[in-house]
Every structure is written in C-alpha cells, then in structure tokens.
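The next block holds one structure in the form of structure tokens; read it before the comments.
The values are calculated or read from the model by the stated rules, or taken from the named source; none is laboratory data. Remember, it's a predicted structure, so these values are computed and weren't measured experimentally. Every residue, glycine among them, receives a Cβ derived from its backbone with ideal geometry; neighbour counts consider all protein chains shown. All accessible areas refer to the heavy atoms of the entire protein, side chains included, with ligands and DNA or RNA removed. Shrake-Rupley method; radii C 1.70, N 1.55, O 1.52, S 1.80 Å.
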Amino acid sequence: MEKLVILGGSRLVGEVEISGAKNSAVAIIVASILTGDVCTIENVPDVSDTRALMNIINQLGGDAEFIDKGVLRVDCRELDSYEATYDSVKKIRASSYLMGALLGKFHRARVAFPGGCDFGVRPIDQHIKGFERLGAKTDVKYGCIELEAERLVGGGVYLDVVSVGATINIMLAATLAEGVTVIENAAREPHIVDVANFLNLMGANIKGAGTSVIKIKGVPSLHGGSYSVIPDQIEAGTYMIAAAATHGDVLVKNIIPTHLDSLSAKLSEMGVTVEEFDDAVRVSCDSDKRLRAVTVKTQPYPGFPTDLQPQMLTLLTLAKGTSVVSENVWDNRFKYVAELRGMGVNVTIDGRVAVVEGVERITGSPVSSTDLRAGAALVIAGLMAHGVTEIYNLKYLDRGYEDLVGKLKKLGAQITRREIVENNSQSNAKRSKKRA
Ligand code: EPZ
C-alpha cells in the first residue's frame, strides 16, 4: 500500500502534457468488440481503468495489449464470450458498456452489475430501456444483467435523464442493429462524439453525436482500423485548477480548449488569467492575489462538469467571500468534504448544495480519497496547504490520472509516492479493531 506525501506551498510553473481521455478510451476499447477485427487505438492513458478493460477483453477471448506508449492494439477476431462476471466487472463503471457491445455483437450478454465510484445510487434504467426498445429481453439473476434478442431492430429512445453511459450504450447496441435508432435527449459530452467518430471510422453510420438527437442507421458489420482518442478534458481541468490554486503559471498542452469553456469562464470570474491557444491554455495568477468567490452549478456538457466539482470546490476554500456549489448530476458527491474539514476549510453541506466560506489558510493533514476526482481534489488541497498532507487510498487516483506524480513534480510540486510503513502499534490497533 502506498500514500502520497505533499509539502504544500510551491507555485506550479511550466508546461504539462495532457493524456488521452480516460472516459473516451474506456468506451472505445469496449466498442472495438463490435468490429470483430483488429483496432489500433492511440492516445490511450495507461491507468488502472483502461488496464481493467484490457483484462476483460482478454478474458472474453480477445487480445488487448499496449504495443507502444499510449498505443493499444485490440484484436477481437477470436473474442467469443458474451459473459463478463463479477470479479472482472466490479471495479469499473465503464464495464457497463459491455452490455451494449456484447448485445450488439452476439445478441446476448451476461454482465455483472458494474462497479465504479460511489456517488449514491447509480441506476441503469435508461440503458435497459434503450436495449428493450431495440427488442432485447432483460432479466437480472444472481447479480448479473442478462440480455437477449433474436433480432435487434432500431427504434426511438427518449432518455428521461441526460446520461452519458446510456447514450453510449444504446449507440453501441444500435450500431449493428437493423433499421434506424434515434436517441433523443442524448448526452453531448465530447467523449460521445469521440466514440461515434471511432465507430464511424470503422464503418458505422452515426449522425448527430454532440447534439441531443443522435441517429444510428444500423450496418451489417464493422472493420478494424486506427483511431486516436481525444485529450482528457477532466485531467486538463484538474491541472488548470491546480495552477490557479498554487497561484502558478502553467501551460496545459495537448487539449481542445473549447471542451473547457465552462471552467475557463469560472476561473476568469475568480480573477485567474486564462489564455487560450489552438491546442493549449495558459493559466496564471499573481502570487499575492486573493481569488474571488463564485457560484458553480454542475450540469451535463456543455455545463460545468461534475467531474471537476471537487477540484473547484477545493480551490474556492481559499477564495475571498462565500461561494455556493450546487451538484446537479449526482446525489452524493460531497463525501470528500469531510476529509477537507480536517485541513481547516469552512464548508457546510445541505443536500446537493455546498456553501464555502473562504478562509485565509488551510493546513496539511492525513486524508483519504473517497473517489477518483475527490482524490484529485485532495491533491490540490495538499498543494494549497501549509505543511505536509498525506493522501491514502490511492486506488481511485490510479484509475484516471496517468503519471500524476511525475507531471506535478515537473511543474515544481513537492510530491512523492511512498510505501506505507505500518508501525507495530498501528497494526496491533488494526488487528484488535478487526477482532472487535
Ligand atoms: C459518466 O458516468 C462518467 N463516467 C462519470 O465520470 C461522470 O461523472 C458522469 O458520466 C457524468 O458526467 C464515465 O464516462 C466512465 P451518467 P455515467 O449516466 O455514464 C442518472 C469520473 O470521475 N442516471 O451520465 O455513469 C445518474 O444517476 C466519472 O471520471 C439514471 O438515472 O453517468 C446520474 O444522476 C465518475 N439512469 C445522471 O443520470 C440511468 O440509467 C448522470 O449519469 C443512467 C444514469
């Protein structure tokens, strides 16, 4: 087991190269099942979520391996199983895409309920509604969702909630179906466009991705090919916020700046300087300037992303005045605030709304990640704090941030990853707690 140790107070200065989008890559890896061929996917981040899906592809009879840095070869010619069981699926939310891809390819799928970060109830009713609309019968047995269809025939699906996962999953199931499927009230996130572009390059006929109405005209088969994943806007946003949080000066490279418009606007409103270039943004802030409080409301894209809410709230803990952060996507995404309290922040939570009273300083503390983006928020808090912060439970951060320590060190952060050495009194205390 390891922990991160951060000595706060250093300004982040320099350039950081952003990796491929984790949430795009995970969907594209699964989408390659539909090709039944060989795909070369570039700009894939080497993180535990992509590794977990590679393992699942291998367990299903395919062959997924990194052949170079960021270059993944996925060979699905011999992939012949439609069953993904609990052990492989429980760790990762994106394994839900196996339902759409396996159903599309085999007209059958048996997939354990997907895992992932815990933000309260994470229903999949909209995915199921879409599959049923295409003609699949669905059942739940022994913790698995079973899907079966003699024929998959396109139809109209109106999503009751804007869901990234349901939009992608229905797109996957409909790609090889007969006829035309229309998804209304579809999510518009950049990674939905990315998955559609990948499928189209392999021979699919998908129009309207990136708008709220997506039309998928089924095709009989897909072929293999090469594709490059878009840059990770959430990783980019995390470094932009970290730059502002340390009153630094950072050029965030290899990004699509329009994907980050909602964040850039909020940072500017706070008094941060954000300069946009073709494929980069520079975020800078005077070292003696106190940032202003703002109101943040998370929304589906192009609104402010829920996946940057914990990082943004953390930045606001030192801003001058009172900020209000409303979480409109997930039921329960403020768990990490309990960890920040030990660092001296002044935040009150009422349901989906957090009120942040800016304080003049926060101090280092031992803290534990409660999910992926919460982990990123704690890293930012550690960079902002006086003294040393130790961050435990790194499995979440490892799911989605490639080379986090290396990238932050290059920008001047004092951060190291260390083995946790348990002293005898700690391990004895743990053992007696277990016995109790
Ligand atoms: C994706 O999750 C992302 N994960 C999440 O990022 C992100 O927070 C989320 O979209 C919202 O942007 C991946 O892309 C792998 P949703 P997903 O379906 O698809 C409700 C990260 O940190 N809903 O768009 O699971 C749901 O409860 C992760 O990288 C239903 O009611 O999210 C939520 O309130 C965490 N019924 C809202 O919709 C359904 O059938 C949005 O969920 C499906 C969803």
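Within a Cβ distance under 15 Å of SER284, other residues only, what is the Lys/Arg minus Asp/Glu net charge?
On the way: positive: ARG11, LYS253, ARG282, LYS289; negative: GLU15, ASP249, GLU275, GLU276, ASP286, ASP288.
Charge balance near SER284 sits at -2.
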note = Any residue on another chain or 5+ positions along whose placed amide H is under 5 Å from the amide H of ASP249 is listed here as LEU12, VAL13, GLY14
query = How do the peptides 337-350, 229-242 rank, highest first, by the average count of neighbouring beta carbon atoms within 10 Å per residue?
reply = 229-242, 337-350
query = Using a 1.4 Å probe on the protein chains only, how many percent of the accessible area of the chain belongs to carbon and sulfur?
reply = 48
query = With springs only between Cα atoms under 10 Å, which of ALA25, ALA196, ALA149 fluctuates most in a Gaussian network model of the chain?
reply = ALA149
task = Filter the cross-link list LYS22/LYS253; LYS69/LYS253; LYS105/LYS217; LYS105/LYS215; LYS207/LYS266; LYS137/LYS297 down to pairs whose alpha-carbon distance in this structure exceeds 26 Å.
result = LYS207/LYS266; LYS137/LYS297
message = For q values of 0.09, 0.12, 0.14 Å⁻¹, compute log₁₀ I(q)/I(0) with the Debye formula on a Cα-only model of the range 22-228, without solvent.
response = -0.28, -0.51, -0.72
remark   = Measuring from the longest principal axis of the C-alpha atoms of the chain, the long axis of helix 164-175 (C-alpha) lies at a number of degrees, nearest 10, equal to 20
ask   = Angle between the Cα long axis of helix 261-270 and the longest principal axis of the chain, 0 to 90 degrees, nearest 10?
value = 10
remark   = Summing +1 per Lys or Arg and -1 per Asp or Glu among the other residues with Cβ less than 14 Å from LEU72's Cβ gives -4
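With every protein chain left in place, what is the accessible area per residue of the range 22-228 in square angstrom, probe 1.4 Å? All intermediate terms of the calculation are to be shown ahead of the outcome.
Values: 8140 Å² over 207 residues.
I get 39 Å² per residue for the range 22-228.
Antiparallel versus total DSSP beta bridges in the chain: what percent is that, nearest 5? Let's see the in-between values first.
On the way: 57 of 82 bridges.
Counting DSSP beta bridges with both partners in the chain, the antiparallel share is about 70 percent.
Summing Lys, Arg as +1 and Asp, Glu as -1, what charge do residues with Cβ under 15 Å from the Cβ of THR181 carry, THR181 excluded?
Details: positive: LYS129, ARG133, ARG151, LYS207, LYS215, LYS217; negative: GLU132, GLU178, GLU184.
Its environment carries a net charge of +3.
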ask   = Rounded to the nearest 20 Debye, what is the dipole magnitude of the range 55-172 about its Cα centre when Lys and Arg each give +1 and Asp and Glu each give -1 at the C-beta?
value = 200
remark   = In degrees, nearest 10, the alpha-carbon axis of helix 372-384 is tilted away from the dominant principal axis of the alpha carbons of the chain by 20
message = With +1 on the Cβ of every Lys and Arg and -1 on the Cβ of every Asp and Glu, and nothing else charged, how large is the dipole of the range 22-228 about its Cα centre, in debye rounded to the nearest 20?
response = 360
request  = Using only alpha carbons, build the gyration tensor for the range 147-268 and give me the equivalent ellipsoid semi-axes, biggest first, whole Å.
outcome  = 34, 16, 10
Whole-angstrom gap from the range 213-258 to the range 70-87, using each part's C-alpha centre = 24
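Quick check on the chain: what does the Kirkwood estimate of hydrodynamic radius come out to from the alpha carbon pairs, in Å? Write out the running numbers ahead of the final one.
On the way: mean 1/r = 0.0446 Å⁻¹.
Result for the chain, one decimal place: 22.4 Å.
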